[in-house]
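Colleague: The following block contains the structure, expressed as structure tokens.
Derivation of every value follows stated rules applied to the coordinates shown; laboratory data play no part. Here the structure is a predicted model, which is why all the values come from computation and not from measurement. Heads up, the Cβs are rebuilt from the backbone with ideal geometry, glycines too, and the neighbour counts pull from every protein chain shown.
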Amino acid sequence: MSQLSFVCGKQDPLNLAEEWLRLLPSLPPAERASRRNDIIELCAPWARREAGRYRGGSEPADDLGQVAVVGLILAVDRFDPNRGVPFRHFALPTITGELKKHFRDRGWSIRVSRQTQELYQEVRRVEPWLTQQLSHVPTEAELAAHLGLPAEDIRQARAAALAYRTGSLNRPRFDDDDRDEVGDHVGGPDPAFDLVVNHDALCRAIRVLPERLRAVVSMRFVDELTQCQIADKIGVSQMHVSRLLARAMRMLRQHMLAEAPEDGAADELSATTARPARSTAPRTHPNRRLATGHPARPAVRSA
């Protein structure tokens with residue numbers, strides 16, 4: 001225990017600390033540092049009691065006590081006896097300022113602007129009192145009229161309350177069930193979102209097809225009929241249905257590629273829908289051989 005603790009007794013520690021602070025400039029440097037530590041140790045319990053006024057929130061009491069002691073150290077180092085201000089009146093605002101700074105910088109889970117924080121604190125302070133006066137929870141318009149602020153500011157202050165303290169996704173969904181976590185019920189990105197653009201382009205392209213081609217495409221891909229069943233319905237051959245479907249697919253592909261944005265979607269759609277190019281080289285019958293400048297002769301079978 002420090003020497004000041006023995007000397008203090010029933011005397012106010014802040015008054016005694018002020019007396020020692022007035023004597024510090026006249027002490028040798030080594031003794032000055034020792035007396036400074038004694039003053040801090042003497043006033044630390046008082047600083048922690050001041051921090052206790054801010055308990056009951058989300059911040060641990062030990063953290064608030066350490067912040068209060070930091071404010072006390074700043075007050076001891078910055079105190080000037082020549083200004084004529086009592087040490088109590090100088091130390092208390094310094095400690096309170098450090099505590100408010102801690103809440104502003106460390107108390108919020110998501111950092112918001114200082115103006116939004118002050119607005120949130122003001123609405124939080126006025127709302128219980130206004131609830132008692134009106135006998136109901138005040139609306140945004142009533143809070144705005146009482147504070148003389150726009151309704152948009154009140155809406156922003158209430159939204160900021162969600163950023164003050166966030167919950168963990170790994171916490172139990174219910175108190176009596178530790179296996180069911182909140183994160184298990186959070187939705188993820190829907191893979192069907194990527195198909196919305198292509199589906200919209202296809203719906204527009206379908207409308208440019210002739211009525212007969214639209215009917216054939218609908219029977220094939222909506223009703224899921226085979227080409228033979230479609231041929232029986234419209235009175236044509238199966239090969240003709242195949243040609244109609246190929247023509248419809250070609251027209252749809254051209255229309256969708258023409259509307260595709262210039263961000264690589266056209267290349268992707270072309271790569272997924274384009275058919276391999278047909279070879280333009282002449283086909284040769286296996287039983288024929290080409291001679292330079294002369295047509296190939298048919299093979300002669302022996303009797």
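Colleague: Given a Förster distance of 22 Å, report the FRET efficiency between Ser26 and Thr96 from their Cβ-Cβ distance, rounded to the nearest 0.05.
Modeller: That pair, Ser26 with Thr96, gives E of 0.10.
Colleague: Place a +1 charge on the Cβ of each Lys and Arg in the stretch 114-168 and a -1 charge on the Cβ of each Asp and Glu, then give the dipole magnitude about the Cα centre in debye, rounded to the nearest 20. Please report the intermediate quantities before stating the final value.
Modeller: Values: 6 positive and 7 negative charges, 50 e Å.
So the dipole magnitude of the stretch 114-168 works out to roughly 240 debye.
Colleague: Once the Cα gyration tensor of the stretch 114-168 is found, what semi-axes does its equivalent ellipsoid get, as square roots of 5 times the eigenvalues, in whole Å, sorted largest first?
Modeller: They are 20, 13, 9 Å, listed from largest to smallest.
Colleague: I've got another one for you. Residue by residue through the stretch 144-154, which ³J(HN,Hα) values in whole Hz follow from phi under the Karplus form 6.51 cos²θ - 1.76 cosθ + 1.60 (θ = phi - 60°), with glycine and proline marked x?
Modeller: Each residue's phi maps through the Karplus curve to give 5, 5, 5, 8, x, 10, x, 5, 5, 5, 5 Hz.
Colleague: Return the distance in nm (one decimal) between the two label points of a simple spin-label model at Arg179 and Glu19, each offset 7 Å from Cα along Cα→Cβ.
Modeller: 6.9
Colleague: Now, a different point. Of all alpha-carbon pairs in the stretch 108-215, indicate the percentage at a distance above 24 angstrom.
Modeller: Numbers: 3450 of 5778 pairs.
It works out to 60 percent of all Cα pairs.
Colleague: Still on this structure: Hey, can you rank 140-148, 34-42, 127-135, 69-77 by average C-beta count inside 10 Å, highest first?
Modeller: Numbers: 140-148: 15.3, 34-42: 17.8, 127-135: 11.9, 69-77: 19.6.
Result, highest mean Cβ count within 10 Å first: 69-77, 34-42, 140-148, 127-135.
Colleague: If you don't mind, there's one more thing I want to ask. Mind giving me the nanometre distance, one decimal, between the label points for Ser218 and Arg53, set 7 Å out from Cα along Cα→Cβ?
Modeller: Placing both labels 7 Å beyond Cα along the Cβ direction yields 7.8 nm.
Colleague: Please list, in chain and number order, the residues 5+ apart from Glu181 or on another chain whose amide H is under 5 Å from its amide H, with Hs placed from the backbone.
Modeller: Arg173
Colleague: In addition: Just to compare against my own numbers: the Cα pair-distance distribution for the stretch 28-122, 10 Å bins, whole % per bin, please.
Modeller: 15, 41, 29, 13, 3
Colleague: Continuing with this model, one more query. Which percent of Cα-Cα pairs in the stretch 16-83 sits in each 5 Å bin, short to long?
Modeller: Calculated over all Cα pairs of the stretch 16-83, the distribution is 3, 17, 25, 20, 14, 10, 7, 4, 1 percent.
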